[in-house]
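Every number in this text was worked out from the coordinates using simple rules, so none of it is lab data. Computed from a prediction, not measured in an experiment: that's the story for all the values here. Neighbour counts run over all protein chains shown; Cβ positions are idealised from the backbone, glycine included.
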Amino acid sequence: MKCKVLVILATLLLISCSKDSADENIIHNKEIDEITVGLKTYAIEKGKFIGNLMRDGMFDNLQVNNGLTDNLLKTEYNALVLGNKMKMSNLLRTRPQDPFNIKIGDINTANIDKFIAYADKYDMRKRGHVMIWYNQIPSWLKIEAPEWSAQQIYDFSKSYILVLSSYCKGKIDEWDVINEAIVNNGFREDTWYKIVNTQANSNGEIGYHNYFAYLFKWARLGDPNVELFYNDYNIEAFGTSKNNFMRTFVKKLKSDYSAPIDGVGLQSHFKINLTTNDFISRVGKTIDDLGESNFIANITELDIRICNGDTQTLEDQKKAYKNIVSTAFSRDNCKTILIWGPSDNDSWINSHFEGCGQATPHDENFNRKPAYFGIQEALMAL
Ligand code: XIL
């Protein structure tokens with residue numbers, strides 16, 4: 001009898017002990033969740049993509065910064081773009097045998113493959129940046145292109161885009177077909193392709209609109225399902241001369257030239273003192289205006305820099321990040337926001353804007369900043 005009582009007591013003790021440790025486990029797991037649940041968890045719930053870029057250093061060595069950048073990218077984000085490695089200067093570094101009939105063998109496809117493999121491993125949306133840009137082109141092109149005829153510019157661009165988009169067919173979700181072709185209220189003139197505006201091609205066609213429309217058509221020919229973008233900076237706020245020119249340009253390209261253009265990439269490299277409520281609501285107005293003409297409007301290179309002389313704090317930066325994310329994502333035609341730099345340690349701002357920095361949601365030690373929680377709050381409130 002005594003023995004039976006003892007067994008029952010021991011069993012009860014065991015049950016209560018294991019219940020305690022189960023409770024502890026639940027609490028413990030919750031704490032881990034709060035630390036490791038990334039921004040993407042909230043974005044996925046709302047059907048959105050929040051992304052970042054992979055810089056060259058990490059591309060060359062995934063373990064750069066003791067693996068902290070890698071960890072951050074795969075934990076926080078569900079969209080990815082390469083900082084430089086898919087620009088023409090990297091994909092077409094060596095002069096093709098025939099630049100007017102580029103073959104897949106001329107392209108450094110290893111860069112593309114590596115990008116796709118990484119992004120696929122973590123289920124990330126893949127953004128291709130960039131097909132045609134005046135900047136970061138191979139040195140041989142810089143030397144040769146000024147001598148080319150308009151038709152040669154067309155042939156070069158056509159074979160490059162066709163090869164690239166067919167190679168990436170079904171693997172890249174969206175492409176920047178053209179980047180930064182506008183300055184203020186006109187097209188940029190100092191480009192390697194400027195001849196298309198003053199000389200006709202062999203069909204007798206002339207002008208930037210005609211050339212740009214073809215770029216989109218070739219990209220679509222290579223991959224019928226990929227989303228195609230025009231991407232630029234300082235076009236975000238509604239009503240500036242560059243913004244007005246951009247909106248007129250993309251609408252004309254689609255309606256008068258039948259260009260298969262799906263959207264506009266608003267780069268969004270912002271300086272903290274400009275991110276007033278009025279400014280951000282004008283970004284919302286641009287997204288709405290583009291939406292009325294059936295354009296997607298994604299935020300493609302977001303950073304908010306704080307510069308010497310700015311009186312704004314990291315708390316102000318949090319408000320700005322929160323405001324832009326909720327403004328953009330509350331619109332149906334904005335599905336993706338990509339930040340241009342995983343951490344303040346990995347940002348182009350430090351080397352390109354003197355006296356400026358602290359532009360990203362993670363600090364130099366890869367810790368979450370107020371800005372991070374601004375984005376998180378905006379995503380949760382969607
Ligand atoms: C920047 C890269 O981040 C830098 O590493 C590089 O030195 C210069 O280009 N607009 C764009 C991006 O479309 O490609 C640029 O990226 C930033 C501005």
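Observations
- Potential lengthening between Asn365 and Phe100 on full extension [0.36 nm per residue; Cα-Cα distance subtracted]: 90.7 nm
- 0 to 90° range, to nearest 10: angle between helix 2-36 axis and the chain longest Cα axis: 20 degrees
- Rounded Å value of the spacing that divides the Cα centres of region 262-303 and region 241-261: 16 Å
- The mean sequence distance of close C-alpha pairs (under 8 Å, at least 6 residues apart), as a share of the length of the chain, puts its relative contact order at 15 percent.
- Shape class of region 78-254 from the alpha-carbon gyration tensor: oblate, with a/c at 1.5 or above and b/c at least as large as a/b.
- Low-density loop cleavage sites - GluC sites (Glu not before Pro) in region 324-382, where at most 13 other Cβ are within 10 Å (DSSP): Glu354
- FRET efficiency for Lys252 and Glu315, using Cβ-Cβ distance with R0 set to 41 Å, rounded to 0.05: 0.45
- Amide H contacts of Val183 (H built 1.01 Å from N, in plane; Pro and chain starts excluded): Arg188 sit under 5 Å, all sequence-distant by 5 or more or on other chains.
- Antiparallel bridge percentage (DSSP; both residues within the chain; nearest 5): 15 percent
- Rounded to 10°, Cα long-axis angle of helix 150-167 versus longest principal axis of the chain: 30 degrees
- Highest-fluctuation residue, Ile102, Ile235, Ile287 considered, GNM on the chain with Cα pairs under 10 Å: Ile102
- C-alpha center-to-center spacing [region 306-347, region 198-231] in angstrom: 33 Å
- Positive-end residue of Ile132, Ser166, Phe238, charge dipole of region 78-254 with Cβ unit charges: Phe238
- Members of Lys158/Lys285; Lys114/Lys254; Lys103/Lys142; Lys40/Lys114; Lys46/Lys285; Lys46/Lys126 lying beyond 24 Å, as alpha-carbon distances in this model show: Lys158/Lys285; Lys114/Lys254
- Taking a sphere under 11 Å around the Cβ of Ala79 and counting the other residues whose Cβ falls inside, with K and R at +1 and D and E at -1, yields a net charge of +2.
- Residue among Glu144, Glu315, Glu76 with the largest mean-square fluctuation in a Gaussian network model of the chain, springs linking Cα atoms under 10 Å: Glu144
- FRET efficiency for Gln152 and Ala110, using Cβ-Cβ distance with R0 set to 35 Å, rounded to 0.05: 0.80
- 0 to 90° range, to nearest 10: angle between helix 241-255 axis and the chain longest Cα axis: 80 degrees
- Summing +1 for each Lys or Arg and -1 for each Asp or Glu among the other residues whose beta-carbon sits under 9 angstrom from that of Ile375 gives +1.
- Most mobile listed residue (Leu72, Leu274, Leu164) in the chain, GNM with C-alpha springs under 10 Å: Leu274
- Sum of side-chain charges, Val226 neighbourhood, beta-carbon under 14 Å (Lys, Arg +1; Asp, Glu -1): +1
- Annotation note: trypsin sites (Lys or Arg not before Pro) in region 83-169 located in DSSP loop regions with a Cβ neighbour count of at most 11 within 10 Å are Lys103.
- Listed by chain and number, the aspartates and glutamates whose alpha-carbon sits under 16 Å from that of Lys87, ignoring those within fewer than 8 places in the same chain, are Asp56, Asp60, Asp106, Asp113, Glu174, Asp176, Glu180, Asp232, Glu301.
- Only the Cβ atoms of Lys and Arg (+1) and of Asp and Glu (-1) were treated as charged; on that basis the dipole of the chain about its Cα centre amounts to roughly 660 debye.
- Phe373/Asp120 FRET efficiency (R0 30 Å; Cβ-Cβ; nearest 0.05): 0.55
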